[in-house]
1. Which residues, counting only those in the stretch 18-35, are of a type in the set (A, V, I, L, M) and open to solvent by 70 Å² or more (accessible area, probe 1.4 Å)?
2. Checking residue 234 against (1) more than 14 Å from the chain's Cα centre (by Cα); (2) under 23 Å from residue 58 (Cα atoms); (3) surrounded by 14 or more Cβ atoms within 10 Å (Cβ to Cβ): exactly one of these is not met. Which one?
3. Could you look through the stretch 83-99, keep only residues that are in contact (Cβ under 8 Å) with a residue 24 or more places away in the chain and either polar (S, T, N, Q) or surrounded by fewer than 23 Cβ atoms within 10 Å (Cβ to Cβ) (or both), and pick out the one that is nearest to ligand 1 (Cβ to nearest atom)?
4. Quick check on my filter: what residues within the stretch 149-165 are open to solvent by less than 20 Å² (accessible area, probe 1.4 Å) and in a strand (DSSP E or B)?
5. Can you confirm whether the stretch 39-49 contains a residue that is more than 10 Å from ligand 1 (Cβ to nearest atom) and of a type in the set (Asp, Glu)?
6. Residues being closer than 19 Å to residue 45 by Cβ and open to solvent by 40 Å² or more (accessible area, probe 1.4 Å): count how many of those fall in the stretch 168-200.
7. Can you name the residue in the stretch 36-56 that is over 15 Å from residue 82 (Cα atoms) and assigned to a helix (DSSP H, G or I) and is also least open to solvent (accessible area, probe 1.4 Å) among such residues?
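The values are calculated or read from the model by the stated rules, or taken from the named source; none is laboratory data. Given the structure is predicted, the values throughout are model-derived calculations rather than measurements. Positions of Cβ are backbone-derived with ideal geometry, glycine not excepted, and every protein chain shown enters the neighbour counts. To get the accessible areas, we keep the full protein, side chains included, count just its heavy atoms, and leave off ligands, DNA and RNA. Shrake-Rupley method; radii C 1.70, N 1.55, O 1.52, S 1.80 Å.
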Amino acid sequence: MREAGKYNSLVMQEIAKNIKVGVSTQRLDDIAYRKIKALGCKPSCLGYEGFPASVCISVNDEVVHGIPGKRIIKNGDIVSVDLVVSYKGYHADATRTYIVGNVSKEVQELVENTKKAFYEGVKVIKNGIRVRDISRAIEKYAHDHGLSVVEELVGHGIGTDMHEEPDIPNFDDGSMVKLKTGMVIAIEPMLNLGEKEVYLDDNDWTVKTMDGKPSAHYENTVLITDDGYEILTGD
Ligand code: MF3
Ligand code: CO
């Protein structure tokens, strides 16, 4: 899984280099596919429950599962790239939200604070903690910074399947599930500038904010260790 994580980071860097004004999300997907293959990995999302692309690209008010296509990236967009690759049968899942050009201070802070919320969540990890300890830390950080937490989508265990038990919510749902050394989970806060409510787009995949305000997403695949954690998908 460390190797899968390392390759995920390399693909993510390749995508990041190409995110600029004027590029289509389809082109970013093509670049991702080629890099994934060149590294000897597989794009886990391609064909997953019929998903038609290698990577999810969600712009502005799109929370998750944006489908790459003709859309052109423009100045002021925030672009979330959610990438899952597998290597030798093991998956690694990561998301980064990139700022393109000039955005307002509040959007900049949304993006920065979503990353920081992730780090608040991992900070509490060590052998024996409960899922809700992570959830609470993320939720508190989000609310302290005026952001709302999407509840319909959650982090998850990960390994030979992309989605495994347990769920890792970004709000406290009371989960007493214990995390033990050697388990690997994907922690992925999805935070909104406005209200927490979301809806499913007509394409049956893309989840968007109800109020049309922007949403940011930050995710890594994380190994639980005796006295802490190890992030497998880079920074
Ligand atoms: N990382 C995304 C998730 O955990 C991957 C979705 S797979 C896709 O939900 F099929 F939607 F692409
Ligand atoms: Co995930």
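1. Within the stretch 18-35, 21 is the sole residue that qualifies.
2. (1)
3. The qualifying residue nearest to ligand 1 (Cβ to nearest atom) is 95.
4. Those that are open to solvent by less than 20 Å² (accessible area, probe 1.4 Å) and in a strand (DSSP E or B): 149, 155, 156, 157.
5. no
6. So the count comes out to 1.
7. Of everything passing the filter in the stretch 36-56, 50 is least open to solvent (accessible area, probe 1.4 Å).
So that you can scan it fast, the table gives a plain yes or no per residue for (1) touching an Asp or Glu at 6+ places or on another chain (Cβ under 7 Å); (2) closer than 22 Å to residue 230 by Cβ; (3) modelled with pLDDT of 95 or more:
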position	(1), (2), (3)
51	no, no, yes
54	yes, no, yes
77	no, no, yes
87	yes, yes, yes
92	no, yes, yes
